[in-house]
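Written below as structure tokens is the structure these notes are about.
The values are calculated or read from the model by the stated rules, or taken from the named source; none is laboratory data. Values in this document were obtained by computation on a predicted structure and should not be read as measured data. Quick reminder, even Gly has a Cβ in these numbers, built from the backbone with ideal geometry, and neighbours come from all protein chains shown.
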């Protein structure tokens, strides 16, 4: 048996303002990287210490906040313009669209709070930080969408049983076009930013805005029917808008549920396994886990290494494995690598002492 049983490689810590640096990576020396790799490091030097990894993570939160506040302003102006037309026209279809747009604008508030919380440092109580606040914001967004759907359905059904003429039909049509333009611009901005920073909640919010845009176009149908004297056109379009909101609710709820349950794209797991298999000294990849904490990923992996390797050799393999993961998996900011010795024939499993805890 080698002089070590396992090698646990925790995320490194670097303290600033004169406090000593501890356990810093020296990845330039690992297995003598090729000239292309050395050239890349010379042109764009970087470190994988936790403090350096947090810098792009904080920048991603700042980008998310900018996207939220800009879209809040755009949707707020859109909703106010539509609300003025609703008061003048009495259109229940436009009312449903306005309520939905207002709700979509207000979802920026809990998501913005989540982004701000996610930038706070981890504490002894919240040892993983506050990134999971984004999942809570996602739940609030789902509930907001559900409330807007219920309100739109109630107003549409009420007007269906009590039809009324719609006044200022041209203004209703213009307000519908304004709603479509505002929502589509916000949708593109949120989706692009959400995908860039890895925020499922922001992407879901963008898809929500895109559907709002199409429901705004549906208001045009109600305005056209009202112009032709068909009073039921407006409430029927209101019900159609309710159905569209329900579809958005289903998709958003599914995305938020997956994130709350720590689901990840299986392609990311495959990518991580391929990267680990190519690390010199890795004899096999055992348990591999990925989880989202806000819009950042963390990994935990158990590797098989040479049973006769020294502790330093095993630790180097673990460091190289983390290094490979950080390069291979987008938005991964930390990895905990556990190295197990490759067992000799007939050798008992060194983890048998833990079996009763696992059961």
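Could you grab me the full set of residues in segment 282-301 that are in contact with a helix residue (DSSP H, G or I) (Cβ under 7 Å, 6 or more places away or on another chain) and buried (at least 18 other Cβ atoms within 10 Å of the Cβ)? Break it down into steps so the answer makes sense when it comes.
As a first pass, look at segment 282-301 and keep what is in contact with a helix residue (DSSP H, G or I) (Cβ under 7 Å, 6 or more places away or on another chain): 282, 285, 288, 290, 292, 294-296, 299, 301.
Once the filter is applied, which keeps residues that are in contact with a helix residue (DSSP H, G or I) (Cβ under 7 Å, 6 or more places away or on another chain) and buried (at least 18 other Cβ atoms within 10 Å of the Cβ), segment 282-301 yields 282, 285, 290, 292, 294, 295, 296, 299, 301.
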| Within segment 334-353, is even one residue assigned by TED's automatic domain parsing to the domain that holds residue 284, in contact (Cβ under 8 Å) with a residue 40 or more places away in the chain, in a helix (DSSP H, G or I) and more than 24 Å from the chain's Cα centre (by Cα)? | no
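Would you pick out the residues in segment 266-283 that are in contact with a strand residue (DSSP E or B) (Cβ under 9 Å, 6 or more places away or on another chain) and either in a helix (DSSP H, G or I) or within 28 Å of residue 206 (Cα to Cα) (or both)?
Step one: of segment 266-283, the residues in contact with a strand residue (DSSP E or B) (Cβ under 9 Å, 6 or more places away or on another chain) are 268-269, 272-273, 276-277, 279, 281-283.
If the condition is that a residue be in contact with a strand residue (DSSP E or B) (Cβ under 9 Å, 6 or more places away or on another chain) and either in a helix (DSSP H, G or I) or within 28 Å of residue 206 (Cα to Cα) (or both), then 268, 269, 272, 273, 276, 277 are the ones that fit.
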| task | Quick one: which residue in 182, 112, 198, 129 is more than 28 Å from residue 87 (Cα to Cα) and modelled with pLDDT of 85 or more? | result | 129
| query | Would you pick out the residues in segment 250-270 that are more than 17 Å from the chain's Cα centre (by Cα) and in contact (Cβ under 8 Å) with a residue 40 or more places away in the chain? | reply | none
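Looking for whichever is surrounded by fewer than 20 Cβ atoms within 10 Å (Cβ to Cβ) and in the same structural domain as residue 150 (by TED's automatic domain parsing) here; the options are 118, 112. Which one fits? Full working, then the answer.
Working: 118 fails: surrounded by fewer than 20 Cβ atoms within 10 Å (Cβ to Cβ).
One residue alone meets the criteria, 112.
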| query | Does any residue of segment 204-214 turn out to be closer than 21 Å to residue 155 by Cβ and surrounded by fewer than 19 Cβ atoms within 10 Å (Cβ to Cβ)? | reply | yes
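Just wondering, is there one or more residues in segment 148-162 that are assigned to a loop (DSSP other than H, G, I, E, B) and more than 26 Å from the chain's Cα centre (by Cα)?
Kept after step one, since they are assigned to a loop (DSSP other than H, G, I, E, B), are these residues of segment 148-162: 162.
If we keep only those that are more than 26 Å from the chain's Cα centre (by Cα) as well, we get 162.
Among the residues of segment 148-162, at least one is assigned to a loop (DSSP other than H, G, I, E, B) and more than 26 Å from the chain's Cα centre (by Cα), which makes the answer yes.
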| task | Answer with yes or no whether residue 84 is more than 28 Å from the chain's Cα centre (by Cα), surrounded by fewer than 16 Cβ atoms within 10 Å (Cβ to Cβ) and not in a helix (DSSP H, G or I). | result | no
| query | When you go through 286, 307 one by one, which is the residue that is modelled with pLDDT of 85 or more, part of a loop (DSSP other than H, G, I, E, B) and in contact with a strand residue (DSSP E or B) (Cβ under 6 Å, 6 or more places away or on another chain)? | reply | 307
| Condition met for residue 316 (touching a residue at least 40 places away in the same chain (Cβ under 8 Å), buried (at least 20 other Cβ atoms within 10 Å of the Cβ) and either more than 33 Å from the chain's Cα centre (by Cα) or outside any loop (DSSP other than H, G, I, E, B) (or both)) | yes
